[in-house]
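Just so you know, all these numbers are worked out from the coordinates, no wet-lab data involved. None of these values were measured; they are calculated from a predicted model. Methodologically, a virtual Cβ is constructed for each residue, glycine included, from the backbone with ideal geometry; neighbour enumeration extends over all protein chains shown.
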Amino acid sequence: MFEDAPVDVGVMYEGERIRRKNMYIELGGPNIETKFELVKVRNPDDVEDDKITVIGPDIKDVKEGSSLPFGIYVEVAGKQIEEELEGVIERRIHEYCNYIEGFMHLNQRYDIWIRLSKKSFQKGLNSFSFVGKVLLKLFKSEMSFIEKMQITFITDPEKVREQWKEAMETYEARDARARGMKDEEVDKFYGCSLCQSFAPTHVCVITPQRFSNCGAISWFDARASSRIDPKGPLFEIEKGELIDPVKGEYTGANAAVKKKSLGAVSRVYLYTAFSYPHTSCGCFEGIAFYIPEVDGLGVVHRGFRENTVNGLPFSTMADSTAGGRQVDGFHGISIEYMRSPKFLQADGGWNRIVWIPSDIKERVKEFIPKELFDKITTEKDVKTIDELKEFLKTHEHPIVKRWKEVPAEVEAAEEEEVPAVAVAPLAATSFTAGGFKIILKDAKIHAKKVIIRTIKKR
Ligand code: SF4
């Protein structure tokens, strides 16, 4: 398929990581503000089939080690293509770019991060036209409903900024389509297993009120994709019986997740960050994280560059969250899910949120209950857990009612031994010891002796 290519192309390169020391250039990424990938459906007359355009410096014109603003603008046409497929086609850019040897693509939409390796550059991958040819061939061979396609790569900073605005408006319009719809109004949910190349046990369950983790695929998008491409990574889920309306547990979702994760995950609660939370792949837009000191939840997004209120940056918490696991208290989410009336409803919803970055607070402000808005802190209000506690108390955040009085000083501890217990199975947990991270999967912990200490007030 790519005989005359300077580098190899194939699924075996998915998951390839390119470290900074091995990178030739970087496109988008955390240090670049404007970057995007966008697919638009056009009239056939407005698309010149197989056309590849580069606006701004091409790879060979860029200095080694550079990080550039970047946009991938794809226009498609076809009799069967409807606007609802834009998001689904767009999500495949990630997959197909990753088939190229030495070309790593992470994330989606306005968050893309691409690296080209020195080795692939030296082999001759020195123009976006090669990347364009690969994308054109893969899209047309795997999505036969695409009749015409043209691709524009943009590195000119002014042009990236201009098109980025259009991209942001398009994402918002797409996301708004599913708002207001309820899970109860549909008889089917949808699933996606596209991220299994990175997180083999991950399955997204997409409902009208729970957007995909990557924030790129709504219930409508998933429905359109599963209809037109039933053998693709998006598939129908029969809802089955509703087991728990608050946690959001359905027999159909459990069965689908169990089948697609090959038995690794057998239960999923759609609307909580605890017990059997929705699995997290690696391309979630944000993380809901538990803050035990205040019994509340914080949310941080990928673009937040500082440490969060618990002293950890997004990247550290992402390591604890990702991999297709169900991790109690570390929960991958999309920003759009924060606009859902079922957002973490089993945990208390917005009443449980105590900290979010200020720009996310601004983006979702219309969906935060008015009486809570000033009680939820950001990096501008507090920097530490102590400051957070004080703020929550003085602003009478509802979380304060959950707190129990903890004795300030202790004098002595009484110990009591109780018979051995078996603790409920854990999907996965981890701890560090002796410089190693130890991950336990499907562990049952049996304790021969349990010591319970009562702490006395002085
Ligand atoms: S995050 Fe979910 S919906 Fe998005 S591509 Fe991955 S599996 Fe699919």
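Side notes on the structure shown:
- Value in Å of the Kirkwood radius, where the stretch 132-287 supplies the Cα pairs that are averaged: 17.2 Å
- Under 25 Å from the Cα of K401 - lysines, other chains or at least 8 residues apart: K247, K342, K361, K365, K370, K375, K380, K383, K389, K393, K456, K457
- DSSP bridge orientation in the chain - percent antiparallel, rounded to nearest 5: 75 percent
- Helix 86-97 vs. the chain, principal-axis angle (Cα, 0 to 90°, nearest 10): 80 degrees
- Protection proxy ranking of 173-186, 309-322 - average other beta-carbon atoms within 10 Å, highest first: 309-322, 173-186
- Taking every C-alpha pair closer than 8 Å and separated by at least 6 residues, the mean separation divided by the residue count of the stretch 1-144 gives a relative contact order of 39 percent.
- Gyration tensor (Cα) of the stretch 154-199, equivalent ellipsoid semi-axes in angstrom: 32, 20, 5
- Space enclosed by the convex hull of the alpha-carbon atoms of the stretch 18-99, per residue, Å³: 128 Å³
- Using C-alpha pairs below 8 Å separated by at least 6 residues, the relative contact order for the chain is 12 percent.
- Whole-number percent relative contact order across the stretch 99-166, with pairs defined as alpha carbons under 8 Å at least 6 apart: 20 percent
- Long-range tail of P(r) for the stretch 66-210 (Cα pairs > 24 Å, %): 41 percent
- Sequence-distant aspartates and glutamates (8 or more away, or on other chains) whose Cα lies within less than 12 Å of K239: D183, E184, E185, D187, E249
- For the peptides 205-211, 386-392, the ranking by packing is 205-211, 386-392, with the highest mean count of neighbouring Cβ atoms within 10 Å listed first.
- Think of it as helices only: each DSSP H run of n ≥ 4 in the chain is worth -39500 (n - 2.57), and spread over all residues that comes to -6500 deg cm²/dmol at 222 nm.
- Here the extension length gained between N307 and K259 equals 13.5 nm, from 0.36 nm per residue of separation less the Cα-Cα distance.
- Tilt relative to the chain, helix 128-142 - C-alpha long axis, 0 to 90 degrees, to 10: 80 degrees
- For the chain, the spherically averaged projection of the C-alpha convex hull amounts to 24.8 nm².
- Rounded to two decimals, the Cα radius of gyration of the stretch 246-371 over 2.2 N^0.38 Å is 1.03.
- By the rule of a C-alpha distance below 25 Å, with chain neighbours fewer than 8 residues away ignored, the lysines paired with K51 are K35, K40, K60, K79, K123, K133, K137, K140, K148, K159, K165.
- Using only side-chain charges placed at the Cβ, +1 for Lys and Arg and -1 for Asp and Glu, the dipole size of the chain relative to its Cα centre rounds to 1100 debye.
- DSSP-loop GluC sites (Glu not before Pro) across the stretch 238-291, with at most 10 other Cβ within 10 angstrom: E241
- Listed peptides 129-141, 212-224 appear in the order 212-224, 129-141 once ranked by packing, highest mean of other Cβ atoms within 10 Å at the front.
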